[in-house]
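Note sheet for the following structure.
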Amino acid sequence: MHDWWLALVASLLGRVEFIDQPTVLYRQHSHNDTGAKKWGARFILGRLSKTDEVRKSLQKTQSQASALVQHLATKSTQIDPGIIAVIQGFSGLTAMSPAQRRAFVLQHGILKQGIIRNIGMLVNL
């Protein structure tokens, strides 16, 4: 998930902000790992009931966070140790209880775009 990786790196080196205009062309196709979804009642109910899919997505992002922490461990960087600790914590969510996972993501503002995705994430943590 290249966009998540770029967001991780950008958050380490600067900040992530919303730009309200398209900056790249995006081609949606049936083999995309992730992508645009049709919103509606069916999507919302499906998102809340597809626990395995949501958990796999979270595991992928945790794996990327772990890879970034491992990469940083081999470099001499001037990155805020507090930020690295948050990334390490995120990569280790599976070792926490469900309540600890929810508290961690809320405390650190680790959220997805949109209320439905956030509810789905929190339900499945």
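The values are calculated or read from the model by the stated rules, or taken from the named source; none is laboratory data. Just so it is clear, the model here is predicted, and its values are computed rather than measured. Glycine also receives a Cβ, built like all others from the backbone with ideal geometry; neighbour counts cover every protein chain displayed. Accessible surface areas use protein heavy atoms only, side chains included; no ligands, DNA or RNA. Shrake-Rupley method; radii C 1.70, N 1.55, O 1.52, S 1.80 Å.
Would you say I19 is over 23 Å from V105 (Cα atoms) and at pLDDT 85 or above?
Considered against the rule, which asks whether it is over 23 Å from V105 (Cα atoms) and at pLDDT 85 or above, I19 comes out as yes.
Checking A36 against (1) under 13 Å from Q113 (Cβ atoms); (2) out of contact with any helix residue (DSSP H, G or I) (no Cβ under 6 Å at 6 or more places or on another chain); (3) at pLDDT 75 or above: exactly one of these is not met. Which one?
With (1) under 13 Å from Q113 (Cβ atoms); (2) out of contact with any helix residue (DSSP H, G or I) (no Cβ under 6 Å at 6 or more places or on another chain); (3) at pLDDT 75 or above applied to A36, the lone miss is (3).
For the range 73-83, what are the residues that are without any contact (Cβ under 8 Å) to a residue 24 or more places away in the chain and assigned to a helix (DSSP H, G or I)?
If the condition is that a residue be without any contact (Cβ under 8 Å) to a residue 24 or more places away in the chain and assigned to a helix (DSSP H, G or I), then A73, P81, G82 are the ones that fit.
What is the number of the single condition among (1) in a helix (DSSP H, G or I); (2) at pLDDT 85 or above that A7 does not meet?
It is condition (2) that A7 fails.
For the subset of the range 94-109 comprising residues that are closer than 21 Å to A10 by Cβ and either in contact (Cβ under 8 Å) with a residue 24 or more places away in the chain or not in a helix (DSSP H, G or I) (or both), which member is most open to solvent (accessible area, probe 1.4 Å)?
Per the stated criteria, the residue is H108.
Of the residues that sit in the range 54-79 and are under 30 Å from I116 (Cβ atoms) and of a type in the set (A, V, I, L, M), which one is surrounded by the most Cβ atoms within 10 Å (Cβ to Cβ)?
A65
Restricting attention to the range 110-125, and to residues there that are in a helix (DSSP H, G or I) and without any contact (Cβ under 8 Å) to a residue 60 or more places away in the chain, which single residue is least open to solvent (accessible area, probe 1.4 Å)?
N118
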